[in-house]
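Structure first, then comments.
Values in this text are rule-based calculations from the coordinates and carry no lab data. Every value quoted in this text rests on a predicted model; they were computed, and no experiment measured them. Methodologically, a virtual Cβ is constructed for each residue, glycine included, from the backbone with ideal geometry; neighbour enumeration extends over all protein chains shown.
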Amino acid sequence: MKAIHSEKAPAAIGPYSQAIQAGDFIFVSGQLGIDPTTGELASGVEAQTKQVLENLKAILSEAGSDFSQVVKFTIYTTSMDDFGTINEIYGSYLEEPYPARATIEISRLPKDGLVEMDVIAYKK
């Protein structure tokens, strides 16, 4: 196993790695819409969703991967009312074949975020 860390994504806010590579797979921890330069949560679901995806992209890049190698996304949102917005932005970052995905509404996220995502990627 190998820990992955990107300076272009926010540091972990607990005892975990941004990502772990295990064999041919990269497991990226849940990312919030935190701007890595300011450490602040972006304002609103659109900005947070974009920042989440940028953070994931930076971590995958550090691991030598990208969204085309993601096999599974999990999306957590505090409101399914935001699903359309999240889905539209999410889709703009991906190309077919799309990865498998689950979207889950939860009561609360760390730092009172509105959206969080984690991914599993297969490294060719």
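By the rule of a C-alpha distance below 17 Å, with chain neighbours fewer than 8 residues away ignored, the lysines paired with K123 are K2, K57, K72.
With contacts taken as Cα pairs under 8 Å at a separation of at least 6 residues, the chain carries a relative contact order of 33 percent.
Here's the picture: charge each Lys and Arg Cβ at +1 and each Asp and Glu Cβ at -1 in the chain, and of A42, A102, S92 the one pushed furthest to the positive end of that dipole is A102. Each Lys and Arg contributes +1 and each Asp and Glu -1, all at the Cβ; summed about the Cα centre of the chain, the dipole is approximately 460 debye.
At a temperature of 20 °C and a viscosity of 1.002 mPa s, determine how fast the chain diffuses translationally according to Stokes-Einstein, using the Kirkwood radius over alpha-carbon pairs as Rh; express D in µm²/s, rounded to the nearest whole number. The estimated diffusion coefficient comes to 150 µm²/s. Packing here is the average count of other Cβ atoms within 10 Å per residue, and on that basis the peptides 92-99, 25-32, highest first, run 25-32, 92-99.
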